[in-house]
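The block underneath contains the structure these notes are about, expressed in structure tokens.
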Amino acid sequence: MPHPRRPTYRWRVSLDESELPRTEEEWRVRLSPEEFRVLREAGTERPWTGEYVDTKTPGTYHCRACGAQLYPSDTKFDSHCGWPSFDDAIPGAVKEIEDRSLGMSRTEIRCARCDSHLGHVFRGEGFTPKDTRHCVNSVSIRLEPRTDA
Ligand SMILES: [Zn+2]
């Protein structure tokens, strides 16, 4: 008989793993319709409409679905693409998946913890020394402003 074991998780986040929704219906009641469309159905918000496009506030961006920390604000940069852009993620926080939808070959990024859609990652554009652009929907993330500043 296997012992019931309490899993251990790397991130200390607002949502306990046991509280994470297990079905899309559970996600649907937790999230707003727009959040659900983007996070759980890999939708995209219209460019320049997201609340964090031009945000410069210091802090940490969390996954709006599960609360996991994803991006420190000092990785955010002005890409002028209409979505919040980051040149690096917290190690292990974001996973990459090949996306061949819309007749393009792109790399989708998802929250590694709850598998929610964040956006796409692009490399080789030369925006920053890291040469990486995580193009993220504002509705997929939530900024927790730094309080010690
Ligand atoms: Zn998440």
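We did not get these values from a lab; they are worked out from the coordinates using the rules stated. Quick caveat: nothing in here was measured; it's all calculated off a predicted structure. Note that we place each Cβ from the backbone using ideal geometry, even for glycine, and neighbour counts take in every protein chain shown.
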**Request:** Would you mind ranking 85, 32, 140 so that the residue whose beta carbon has the fewest other beta carbons within 10 Å leads the list?
**Result:** 32, 85, 140
**Message:** Output needed for the chain: three equivalent-ellipsoid semi-axes, defined as square roots of 5 times the C-alpha gyration tensor eigenvalues, in descending order, whole Å.
**Reply:** 26, 18, 16
**Request:** List the residues of the range 59-83 whose backbone N lies under 16 Å from a point placed 7 Å from the Cα of residue 128 along the Cα-to-Cβ direction.
**Result:** 59-62, 70-83
**Asked** Most exposed first by the Cβ proxy, i.e. fewest other Cβ within 10 Å, how do 90, 97 rank?
**Response** 97, 90
**Prompt:** Using DSSP loop states and a limit of at most 13 other Cβ atoms within 10 Å to flag GluC sites (Glu not before Pro), what is the longest stretch of the chain containing no flagged site?
**Reply:** 52-124
**Request:** Treat the count of other C-beta atoms within 10 Å as a stand-in for reagent exposure and order 48, 27, 83 from fewest to most.
**Result:** 48, 27, 83
**Stretchable slack from residue 146 to residue 98, in nm (0.36 nm times residue separation minus alpha-carbon distance)** = 13.9 nm
**Item:** Rounded to the nearest 20 debye, dipole of the chain from Cβ charges on Lys, Arg, Asp, Glu
**Value:** 340 debye
**Asked** Once label points are set 7 Å from the Cα along Cα→Cβ at both residue 105 and residue 78, what is their separation, rounded to one decimal in nm?
**Response** 3.4 nm
**Asked** For the range 130-149 and the range 64-111, what is the separation of their C-alpha centers, rounded to whole Å?
**Response** 9 Å
**Farthest positive-ward along the chain dipole, Cα basis, beta-carbon charges - from 92, 33, 59** = 92
